[in-house]
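Here is the structure we will look at, set down as structure tokens.
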Amino acid sequence: VNSWSPIIPFAWPEDPAWQKPELLNLVQNTPFNALIGKQWSPELRTGAQSAKIKLIDQDSLPRAPLVRLTPQGDRAAVVAGSLWPHVRGFNEGGQAGPTGNPWVDSNGWLIRVAQAKSPGSAIWLTHTPPKGRALTTADYVVAIADARTWDARWVVALDEKLSAGLAAGEGKAKETWKSIAAATAWFEAHRPDKSLRPGAKIGVVSDFTNPVFNDALNLLARRQVAFLAATPDRIGSLPLDKLSAVCTTVEPPPTQLEAFVKRGGKLIRPLASAAPGKPSVTPRFVLTNANTAVAQSKPTDPYLLATDIHLLVTRREDVLRLFNGAHCAASYLEGPGNRAAVELVNYTGRAAGDDVSLQVLSSFRGARMIRNNAEPIDLEIRKSGAGSEVALPKFSCYARVEFS
Amino acid sequence: MFDQLGGLSGLVANKTVAIKLNLTGQPSMRMGHTPAESAQWTHPDVIGATVHLLSRAGAKRVRLLESPWSTSNPLEDYMMEAGWDPRVLTGAGARVEFENTNYLGNAKQYSRFMVPGGGHMFRSFMLNHSYEDCDVFVSIAKLKEHATAGVTLSMKNCFGNTPCTIYGDGAGGKDEPTVAPRGGRGTVMHSGARPPAKIAEPWHDQNGLNDDKYRIPRIVADVVAARPIHLAIIDGIETMAGGEGPWIRGVRPVKPGLLIAGKNPVTTDAVGTALMGFDPMADRGTAPFEGRDSTLRLAEENGVGTRDLRRIEVIGPKIADVKMDFRSA
């Protein structure tokens, strides 16, 4: 157990107005037990000490982008490059149409890879609220859910307006802060059962230094494709006996994968040199044997690479599907006793909009939905092929469906 | 039902049959929680039963065609995204194939289809080879209203014959066809903002630019004149009222319990239109053609068939006994 896992961090604003020790009252009776900042007045230090709040020097947390992230051990691995999670608007390059999907900035894939690169570390994301945009409480809840759903933490940071409002003691700002603290507390108190672990049919073995491949992982996550990730030296952490396919950027592929292929597992090599082979389902890959797909040339387009990987694995191996869920991201968990859960983040932060249906690959008899702002509810299961489907009641930021 | 039409064997024995499906919009899009096949898509049970009967009637090969939204991925992948199992369709007949016709596909070149009489809007179309490499062409549509065309039945289904690599949002102008389709057909076909890719003839009717309710009915009438439909089937068992897909505001599920088939697309669509509670002789200004032209009338003018119910032999229940008023449903 990482001793940093219980730390629930809050980014103490740099504004000089926040050097007043009485502002520490804001974090009293909240789950936040550590403040991340650059400078602390003596009064603030004393106040924090007596309140048993940990102060962490921001510069003592080396932020590294994914490609340079190294094992941290009993620390927080702080990933640079995480994004403010939200549905992009048209003015941000987001595109949508009557029969097209919106673009969503989300961090689930990044967290999965960071966990693979820094096993055992607490993963922290330190993105800050976008400037010049009026944020709602729901925006903050989405940011918290975006990290917690993949078992990481967002270092809660305030936008300028909220920060100034709290420093000035404004009532509306205090209400927003209370809601943020309450949401943080809810997510701490309502984590899925610890016996449920990330599940997938696809494994990824890589050093995660290829930007096209990393972008493709992001796009696979946007397609609701679950994957388990490992660095080459920790390939043993992957449950190869449960996986249908492994995608590796390591050339030549690790020898452990030979037995996997012999057992019938698919091996996808997107960074391999072109090799003679039979045509595959995509023109950019050839089959060098029945189970191994090799790229004809180095990929340059992450969208095509993500599509190709999905095609080569086939959608039959999708552990979950979302309908009308383009604004959501999903994390699939499975556990002993034929149990599973799907955690969902609604990046719009609004309960309005289309009805979302969730399909899972396995057959279940019961389903229960847990939401951050409503009572749990039992869901009716509809058989769908070999799997199960549930119609989800509307939810604003986060929901978890537990299958049994 | 096919027996009542004179049987299928005379039409399909030892022939390659191509079936254009209606799988409009994205597979992950639903009207509420209603699966696509019970709303905007032709139902796999209807497709599978048709494939089975065609195969049993002696069809040498059955090819399932669709131009799926913004992708050159295999059609089977698209179906799986909707939760379908394409193996069910493969197993419904002796030799069943799938092809995504939204791009060049398995051929080396596109096929040119001339519109007899010169067409309302286009003199010819460039289509995926699958529409040429078949002996018999079947359109399996859904019984739906349509925001642009008023109704979408066996003829409007064939608007999707046109590949988006030539007629789509990512193509057109002075360029060669794109490798992969991107987006829909809004820019070239609906609004006429840009001509198709240069290998295709542009439209010759310069009226109705930016008026898709003028252009689309004409284009559809031309497409079905250029690529004739031998068998029209309309799935109206479970469908939707108010529009063609979940992206139309106010759509709602309906269960007319109707399956319609005919050997002429205009007559079949005329019966389908009547079964939805509309007059197939109606034209611009009258439901379902308020503010738009009637594809039925334009196809009739192209000599494809009649929309006059007095001249159409309807076998089975009387229209008046089984019709559903889509506007009040």
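For the reader, a short list of remarks on this structure follows.
- In this structure, the pairs whose alpha-carbon distance is over 29 Å, taken from B:Lys156/B:Lys198; B:Lys15/B:Lys323; A:Lys394/B:Lys323, are B:Lys15/B:Lys323; A:Lys394/B:Lys323.
- Convex hull per residue volume in Å³, alpha carbons only, for the range A:190-337: 133
- Dipole-positive endmost among B:Gly118, B:Thr101, B:Pro86 within the range B:73-137 (Cβ charges, Cα centre): B:Gly118
- For the range B:53-101, residues shielded by at least 50 square angstrom of accessible area compared with the chain on its own, probe 1.4 Å: B:Asn73, B:Asp77, B:Met80, B:Glu81
- Neighbour-limited loop hits for GluC sites (Glu not before Pro), the range A:305-393 (at most 14 other Cβ within 10 Å; DSSP other than H, G, I, E, B): A:Glu380
- Counting every alpha-carbon pair across chain B, the share separated by more than 39 Å comes to 5%.
- The contact between chain B and chain A removes approximately 2000 Å² from the accessible area (both sides summed; 1.4 Å probe; ligands, DNA and RNA excluded).
- 14 Å beta-carbon shell around A:Arg368, net charge (K/R +1, D/E -1): -2
- Taking the range B:227-329 and dividing mean pair separation by its residue count, relative contact order in percent (alpha carbons under 8 Å, at least six apart): 27
- Debye log10 I(q)/I(0) at q = 0.15, 0.17, 0.20 Å⁻¹ for the range B:122-254, Cα point scatterers: -0.76, -0.96, -1.24
- Size of charge dipole - the range A:26-163 - debye, nearest 20, with Cβ of Lys, Arg +1 and Asp, Glu -1, no other charges: 220
- Threshold 50 Å², the range A:301-335 residues less accessible with all protein chains present than alone (1.4 Å probe): A:Leu311, A:Arg315, A:Arg316, A:Phe323, A:Asn324
- Sorted on the mean count of surrounding Cβ atoms within 10 Å across their residues, most packed first, peptides B:139-148, A:55-64 read B:139-148, A:55-64.
- Pairs of Cα atoms farther than 25 Å apart, the range A:26-130, %: 41
- Over chain A, Cα pairs under 8 Å with separation of 6+ residues give a relative contact order of 13 percent.
- Taking A:Leu267, A:Leu312, A:Leu135 as the candidate residues, the one with maximal mean-square fluctuation in a Gaussian network model of chain A, Cα springs under 10 Å, is A:Leu135.
- Virtual spin-label span in nm between A:Lys194 and A:Glu43, 7 Å along Cα→Cβ: 4.2
- A simple spin-label model places pseudo-atoms 7 Å from Cα toward Cβ; at A:Ser5 and A:Glu22 they are separated by 4.0 nm.
- Over the protein assembly as shown: helical MRE at 222 nm, DSSP H runs n ≥ 4 each giving -39500 (n - 2.57), nearest 500: -6000 deg cm²/dmol
- Cα lying deepest toward the dipole's positive end in chain A, options A:Leu135, A:Ala168, A:Leu69, charges on Cβ: A:Leu69
- Rolling a 1.4 Å probe across the protein heavy atoms gives the protein assembly as shown an accessible surface of 40 Å² per residue.
- Taking the accessible area of chain A, probe 1.4 Å, and keeping the other protein chains in place, the carbon and sulfur fraction comes to 52%.
- Theoretical gain in end-to-end length, B:Ser191 to B:Ser328 [0.36 nm per residue, Cα-Cα removed]: 46.3 nm
- Toward the positive end of the charge dipole of the range B:120-259, with +1 on the Cβ of Lys and Arg and -1 on the Cβ of Asp and Glu, the farthest Cα among B:Leu259, B:Ala226, B:Pro246 is that of B:Pro246.
- D by Stokes-Einstein for the protein assembly as shown, Kirkwood Rh over Cα pairs, 4 °C, 1.567 mPa s: 46 µm²/s.
- Taking chain B as a Gaussian network of alpha-carbon nodes connected by springs under 10 Å, the highest mean-square fluctuation of the residues B:Gly48, B:Gly58, B:Gly285 belongs to B:Gly285.
- Counting only residues at least eight positions apart within a chain, or on another chain, the lysines with an alpha carbon under 18 Å from that of A:Lys262 are A:Lys201, A:Lys242.
- Per-residue mean of foreign Cβ neighbours for A:351-364 is 2 (Cβ atoms of other chains, 10 Å radius).
- All alpha carbon pair distances within chain A were sorted into 10 Å bins beginning at 0; the resulting P(r) in whole percents reads 4, 21, 30, 25, 13, 5, 1, 0.
- Here chain B is assigned +1 on the Cβ of each Lys and Arg and -1 on the Cβ of each Asp and Glu. Its dipole about the Cα centre then comes out at about 180 debye.
- Amide H partners (placed H, <5 Å) of B:Ile19, local residues excluded: B:Arg63, B:Leu64, B:Leu65, B:Val138
- Relative contact order of chain B, defined on C-alpha pairs under 8 angstrom at six or more residues apart (%): 17
- Under Karplus coefficients 6.51, -1.76 and 1.60, residue-wise ³J(HN,Hα) of the range A:184-195 in Hz, glycine/proline x: 4, 4, 4, 5, 5, 8, 10, 6, x, 3, 5, 6
- Proximal aspartates and glutamates to A:Lys174, defined as alpha-carbon separation beneath 19 angstrom and excluding residues fewer than eight positions away on the same chain: A:Glu14, A:Asp15, A:Glu22, A:Asp139, A:Asp159, A:Glu160
- Across A:Gln359, A:Gln19, A:Gln115, mean-square fluctuation computed from a Gaussian network of chain A (C-alpha pairs under 10 Å connected) peaks at A:Gln19.
- Net dipole in debye of the protein assembly as shown [+1 Lys, Arg Cβ; -1 Asp, Glu Cβ; about Cα centre; nearest 20]: 740
- Spin-label proximity, B:Asn14 to the range B:46-66 - amide N less than 17 Å from point 7 Å beyond Cα toward beta carbon: B:55-62
- Once divided by 2.2 N^0.38 Å, the Cα radius of gyration of the range B:1-142 becomes 1.08.
- B:Glu97 paired with B:Ser38, simple spin-label distance in nm, labels 7 Å along Cα-to-beta-carbon: 3.5
The values are calculated or read from the model by the stated rules, or taken from the named source; none is laboratory data. Just so it is clear, the model here is predicted, and its values are computed rather than measured. Don't worry about glycine lacking a Cβ; one is built from the backbone with ideal geometry, like all the others, and counts go over all protein chains shown. Just so you know, the surface numbers come from the protein's heavy atoms only, side chains and all, with ligands and any DNA or RNA stripped out. Shrake-Rupley method; radii C 1.70, N 1.55, O 1.52, S 1.80 Å.
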